[in-house]
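Structure first, commentary second.
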Amino acid sequence: MKSFENWAHQVSVNCGSFPIAKSDKEIADLASIGERIIKIESGNIFRTLGGRESLKPSDPNESTVCEVDLGTVQFNDEMFLFASHCSLRQYHFSTKGILVMNSQFYKNRRVAVRGHPSDGKLDVISSQLNLRQYMLASKLSESGNHIPHPDIHIKSTDQHSISFQRDMRIFADGRLIGRSDEVAISLLSKAIKVII
């Protein structure tokens, strides 16, 4: 058994006996119903942890098991889990807003360069970009070269409360979960184990 800084171990497991998540949303859904060990096959968490999607299955006898954090977003007396990210923005498409990351990747972009789902921190990224700056930063973020930028601010934390002047759309792992002008974000450290 090979250890990686006490958050991952290479082990022999029978992966057929664990639920499978093919997206970050499915990881959060399975964790919400009490699953504590989940095999992951795709998504931003999978990619951040070094998973590779391939047509041929990997060696079923050797797998990496990682302890990962999950994020929670609370508003209007409700709490939702997210595995990879939570987005707070006024419109469906907006150049201004907040992105809370638990992984490095958001879609095809590496927005949280130092983000890791086992580091005990969430990266809260706020931006106030005009359209031209957003387009340039979006392109540069494919390789993680969008920062430093004077209108992009990053804070690593395990909890964060945010108040807005108007209701913001709240997305958890890409799914619209509601709207609110006050949101509390927190981290559940080493909440689940994932098998890659």
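The values are calculated or read from the model by the stated rules, or taken from the named source; none is laboratory data. Computed from a prediction, not measured in an experiment: that's the story for all the values here. A quick note on method: Cβ atoms are made from the backbone with ideal geometry, for glycine too, and the neighbour counts reach across all protein chains shown.
Remarks
- For segment 50-65, residues that are at pLDDT 75 or above and more than 20 Å from N14 (Cβ to Cβ) total 2.
- Filtered residues of segment 79-104 (kept if at pLDDT 90 or above and among the hydrophobic types (A, V, I, L, M, F, W, C)): M79, F80, L81, F82, A83, C86, L88, I98, V100, M101
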